[in-house]
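K.L.:
Once you've had a glance at the structure underneath, I'll fire off some questions.
The values are calculated or read from the model by the stated rules, or taken from the named source; none is laboratory data. The shown structure was predicted, so the numbers you read here are calculated from the model rather than taken from an experiment. A quick note on method: Cβ atoms are made from the backbone with ideal geometry, for glycine too, and the neighbour counts reach across all protein chains shown.
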């Protein structure tokens, strides 16, 4: 115990029991320090898939008694499942907004004496089958006093404040319809990991991710050390600088000279550009390794950079100062021009370094677009000159119900600005990141979420308005206002917000969009690049938005503006934003539902002046009946980025297990193999299971109508992984959710495999997957760890047979460790082990010193 904790403990010990309904500061601290607040899933089978019964239990070991009846205190919790219950166990239950709820004691409150326990049961939306659905940092508030967090909930170890999820009606989401999910067990993993196709470690070391189009290994080897030199075309200075930094990580310091300068004859890496190779296809390259000569030729600078990455991919993870490489000839071109990763740190900010690490690793695997979701309901993560409230208020959450100093606390942040998920990038930070990304041929596409999912910007601009109104600056106050005072429109979104839609009928809303776009353009210019693409969101606008807005009624009354009612407002907003971006030379982008009149009809593409208009298509929940939108939008003339939830959403769990982090609305789990199996050229071919895990045998019968064919394949321009961060609060968590699944996205976006024409149930697929997975084990995971990225490791499979323990991994050659004393000591597994007591067997996988998987037992 620290000195500070010792002092606090002595202070709390001296506080007498509470004698009335008012808690002092010290009593509040003592109560929340000594009272355990725990959540539990009581029954997911309560009401089909519509709602579940949960509970919150208070166990009072604090020495402070709460008396019966009403009090001037409240308990606040973060619940992403909106609670329906209004009265329970002497509490009035109120939904504040989003995930924030409060429990207010009423006259029926029974009191809570020391040593007593009180359980409050409630009904809430849908179901909970994973610990990460519950949020940390519940807190208590008394009048104007400083809030106090229940100490046992102030942790990322969720099982410290969540009762075990282990019964059938907890592990499964519902029983009507039947949840057919096979829950992850050691035995099930063992069966799934079995594969008749075997690959060698030598093959795995040679495997480049993403796989090149053509690879021919030859006799002979090159021994690359610091006696080598680099000759480069002058235009490649930027690529050379990054290459030398990467070589230095392996202890290789190579002198480099432009190719027009005479140098002594010695082993040489040659870097040059030849626009005639690969028929001039952008980003292509040729790599040749010979005994004393390595040549990388790109059709352009990006091609040379990707050739460098393939050379580095052949390095063993532990190579230092000398690297032995087998001679090889590689010819390679990308499959898709847009190979992206969508990263949401609006919901929870994970720090500046997480973004740099993500960009660095994306470049290593030839990915070229970072779709940065920096604004949403829960946060705005970039400082915008002239609008400081966006970062100062929109970048922080705390307990301020007026939201004049911060946003309403959400997603487990708790009551203080020091809580998880808070922060933003300064302008200087972002310019630095842009330079870093540009040097690695990555385009950062920022997203200004609008008109829905915009609560952070709305509330920041309301705070700005209130501040300037007090100063008598009415015109200035209204200049960037995103909401209309007195608007009584009523709606509630999927995330339980009631006030997150920008008013699209206010000219100030478009002034805001233009101001932010202008400042973004300025940042890109300062970084020596340009803003080519800007995403404006468009998704999940709450039904009922703008229905009672006076500004919108005035707009409807104006003749010949093409706006007659609420149904016209989304295309009206899209039109105005698209025209603004077109004038600035910027390509607009939106999520698919932001470009649809209804379930099947896209906005008229010819109505927008933009040469290119990208659409991220995410909703392929097959039974919802809109999984044909990728083809509908492409056929209409939009440039489609495949972003499908069932395979490419990395906020979903790696397996169906309550200890796995993430939401699971699109599918119960997405492991690396499932992402690897995604087929960009056959969207319908990816239909495997419904959300209940029913096998899909006839997609058109499931949808109930004819599915349109793809008529304009040239408009499928890319694919990307997505990570949304509602349940992801730290850098370590977000990197583990992204890696290694992002490597499978890089693979599919760059390379089309032969098995895509014959299907997943083929030896071609098995061999390709096994080699990819072995390459992860043999070198890629260790390289990631060297760069301070601890990727998620698959939990081992295991079975007990004739008293012997058999174990395997989804990634061949990954180190498996076992314990025969419930985790007290560990040994490396290499062959079946005799077991006398199965109950104490534990298993895990490991990479290096500090990256281990979740531990499993045999049951």
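K.L.:
Would you confirm, using the coordinates I've provided, whether residue 731 is in contact with a helix residue (DSSP H, G or I) (Cβ under 7 Å, 6 or more places away or on another chain) and under 22 Å from residue 369 (Cα atoms)?
P.N.:
Yes.
K.L.:
When you scan the stretch 531-538, do you find a residue that is surrounded by fewer than 19 Cβ atoms within 10 Å (Cβ to Cβ) and within 23 Å of residue 610 (Cα to Cα), even just one?
P.N.:
yes
K.L.:
For the stretch 365-378, what are the residues that are out of contact with any strand residue (DSSP E or B) (no Cβ under 6 Å at 6 or more places or on another chain) and more than 29 Å from residue 304 (Cα to Cα)?
P.N.:
Pass one, the stretch 365-378, residues out of contact with any strand residue (DSSP E or B) (no Cβ under 6 Å at 6 or more places or on another chain): 365-366, 377-378.
Once the filter is applied, which keeps residues that are out of contact with any strand residue (DSSP E or B) (no Cβ under 6 Å at 6 or more places or on another chain) and more than 29 Å from residue 304 (Cα to Cα), the stretch 365-378 yields 377, 378.
K.L.:
Is it the case, given these coordinates, that residue 137 is free of Cβ contacts under 8 Å to residues at least 60 places away in the same chain, surrounded by 20 or more Cβ atoms within 10 Å (Cβ to Cβ) and in contact with a helix residue (DSSP H, G or I) (Cβ under 6 Å, 6 or more places away or on another chain)?
P.N.:
Numbers: free of Cβ contacts under 8 Å to residues at least 60 places away in the same chain: no; surrounded by 20 or more Cβ atoms within 10 Å (Cβ to Cβ): yes; in contact with a helix residue (DSSP H, G or I) (Cβ under 6 Å, 6 or more places away or on another chain): yes.
Considered against the rule, which asks whether it is free of Cβ contacts under 8 Å to residues at least 60 places away in the same chain, surrounded by 20 or more Cβ atoms within 10 Å (Cβ to Cβ) and in contact with a helix residue (DSSP H, G or I) (Cβ under 6 Å, 6 or more places away or on another chain), residue 137 comes out as no.
K.L.:
Cβ contacts < 9 Å: first residue farther than 21 Å from residue 360 by Cβ, restricted to the stretch 767-791; second residue buried (at least 19 other Cβ atoms within 10 Å of the Cβ) and at pLDDT below 95, any location; separation 6+ or different chain. Result?
P.N.:
Close Cβ pairs (under 9 Å, with a partner that is buried (at least 19 other Cβ atoms within 10 Å of the Cβ) and at pLDDT below 95) do not exist here.
K.L.:
Within the bounds of the stretch 820-841, is there any residue that is without any contact (Cβ under 8 Å) to a residue 40 or more places away in the chain and buried (at least 20 other Cβ atoms within 10 Å of the Cβ)?
P.N.:
Yes: one or more hits.
K.L.:
Kindly evaluate residue 353 against the criterion of being farther than 19 Å from residue 532 by Cα and out of contact with any strand residue (DSSP E or B) (no Cβ under 7 Å at 6 or more places or on another chain).
P.N.:
Numbers: farther than 19 Å from residue 532 by Cα: yes; out of contact with any strand residue (DSSP E or B) (no Cβ under 7 Å at 6 or more places or on another chain): yes.
Taking the combined requirement at face value, the residue satisfies it.
K.L.:
Would you mind listing the helices (runs of 4 or more DSSP H) fully within the stretch 626-741 where at least 2 residues are within 29 Å of residue 764 (Cβ to Cβ)?
P.N.:
Once the helices (runs of 4 or more DSSP H) in the stretch 626-741 are filtered for at least 2 residues that are within 29 Å of residue 764 (Cβ to Cβ), what remains is 629-636, 645-648, 672-676, 699-703.
K.L.:
Now a separate question. Look through 447, 403, 488 and report the one residue that is in contact (Cβ under 8 Å) with a residue 40 or more places away in the chain, assigned by TED's automatic domain parsing to the domain that holds residue 545 and not in a loop (DSSP other than H, G, I, E, B). Explain how you work it out, then say what you get.
P.N.:
Values: 403 fails: not in a loop (DSSP other than H, G, I, E, B); 488 fails: not in a loop (DSSP other than H, G, I, E, B).
Every option except 447 fails the conditions.
K.L.:
Is it fair to say residue 387 is assigned to a strand (DSSP E or B) and at pLDDT 95 or above?
P.N.:
It is false that residue 387 is assigned to a strand (DSSP E or B) and at pLDDT 95 or above.
K.L.:
Being surrounded by fewer than 21 Cβ atoms within 10 Å (Cβ to Cβ) and either touching a strand residue (DSSP E or B) at 6+ places or on another chain (Cβ under 8 Å) or under 19 Å from residue 101 (Cβ atoms) (or both) is the filter here; which residues of the stretch 172-184 pass it?
P.N.:
Across the stretch 172-184, the qualifying residues are 172, 175, 176, 177.
K.L.:
Sticking with this structure for a sec: If we scan the stretch 577-588, do we find a residue that is surrounded by 15 or more Cβ atoms within 10 Å (Cβ to Cβ), in contact with a strand residue (DSSP E or B) (Cβ under 6 Å, 6 or more places away or on another chain) and in a loop (DSSP other than H, G, I, E, B)?
P.N.:
Within the stretch 577-588, one or more residues are surrounded by 15 or more Cβ atoms within 10 Å (Cβ to Cβ), in contact with a strand residue (DSSP E or B) (Cβ under 6 Å, 6 or more places away or on another chain) and in a loop (DSSP other than H, G, I, E, B).
K.L.:
Under 7 Å between Cβ atoms, which residue pairs at least 6 apart in sequence (or on different chains) link something in the stretch 518-530 that is in contact (Cβ under 8 Å) with a residue 12 or more places away in the chain and in the same structural domain as residue 446 (by TED's automatic domain parsing) with a partner that is in a helix (DSSP H, G or I) and surrounded by fewer than 16 Cβ atoms within 10 Å (Cβ to Cβ)?
P.N.:
Short answer, once both residue conditions are applied: 527/435; 528/435.
K.L.:
Look at residue 278 and say whether it is assigned to a loop (DSSP other than H, G, I, E, B) and either under 30 Å from the mean Cα position of the chain (by Cα) or buried (at least 16 other Cβ atoms within 10 Å of the Cβ) (or both).
P.N.:
No; evaluated as a whole, the condition is false for this residue.
Listed here are the residues, each with its yes/no results for (1) more than 30 Å from residue 240 (Cβ to Cβ); (2) touching a strand residue (DSSP E or B) at 6+ places or on another chain (Cβ under 9 Å).
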| position | (1), (2) |
| --- | --- |
| 403 | yes, no |
| 407 | yes, yes |
| 410 | yes, yes |
| 414 | yes, yes |
| 429 | no, yes |
| 462 | yes, no |
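K.L.:
Further, regarding this structure: Of all residues in the stretch 623-648, how many are buried (at least 22 other Cβ atoms within 10 Å of the Cβ), over 18 Å from residue 538 (Cβ atoms) and at pLDDT 95 or above?
P.N.:
Looking only at that region, the number is 5.
K.L.:
Being touching a strand residue (DSSP E or B) at 6+ places or on another chain (Cβ under 8 Å) and touching a residue at least 40 places away in the same chain (Cβ under 8 Å) is the filter here, so list the residues in the stretch 690-701 that pass it.
P.N.:
First pass over the stretch 690-701, keeping only residues touching a strand residue (DSSP E or B) at 6+ places or on another chain (Cβ under 8 Å): 695-696.
Within the stretch 690-701, 696 is the sole residue that qualifies.
K.L.:
Hey, does the stretch 367-381 have a residue that's outside any strand (DSSP E or B) and more than 29 Å from residue 477 (Cβ to Cβ)?
P.N.:
There is at least one residue in the stretch 367-381 that is outside any strand (DSSP E or B) and more than 29 Å from residue 477 (Cβ to Cβ).
K.L.:
In addition: Could you tell me which residue of the stretch 37-66 is nearest to the chain's Cα centre (by Cα), considering only residues that are over 21 Å from residue 87 (Cβ atoms) and not in a strand (DSSP E or B)?
P.N.:
Among those residues, the one meeting the criterion is 48.
K.L.:
Here's a follow-up. If we only count strands (runs of 3 or more DSSP E) wholly inside the stretch 77-144, which ones have 2 or more residues that are within 19 Å of residue 661 (Cβ to Cβ) and in contact with a strand residue (DSSP E or B) (Cβ under 7 Å, 6 or more places away or on another chain)?
P.N.:
Working: elements: 91-97, 100-105, 117-125, 139-142.
Hits in the stretch 77-144: none.
K.L.:
Of the residues 9, 19, 88, 13, which single one is more than 18 Å from residue 151 (Cα to Cα), out of contact with any helix residue (DSSP H, G or I) (no Cβ under 7 Å at 6 or more places or on another chain) and modelled with pLDDT under 95?
P.N.:
Exactly one of 9, 19, 88, 13 is more than 18 Å from residue 151 (Cα to Cα), out of contact with any helix residue (DSSP H, G or I) (no Cβ under 7 Å at 6 or more places or on another chain) and modelled with pLDDT under 95, namely 19.
K.L.:
While we're on this one: What are the residues in the stretch 207-225 that are surrounded by 14 or more Cβ atoms within 10 Å (Cβ to Cβ) and either within 20 Å of residue 748 (Cβ to Cβ) or free of Cβ contacts under 8 Å to residues at least 24 places away in the same chain (or both), if any?
P.N.:
207, 208, 209, 210, 211, 212, 213, 215
K.L.:
To continue, here is another question. Any idea which residue in the stretch 734-750 is surrounded by the fewest Cβ atoms within 10 Å (Cβ to Cβ), counting only those that are out of contact with any helix residue (DSSP H, G or I) (no Cβ under 8 Å at 6 or more places or on another chain) and within 21 Å of residue 665 (Cβ to Cβ)?
P.N.:
This residue is 736.
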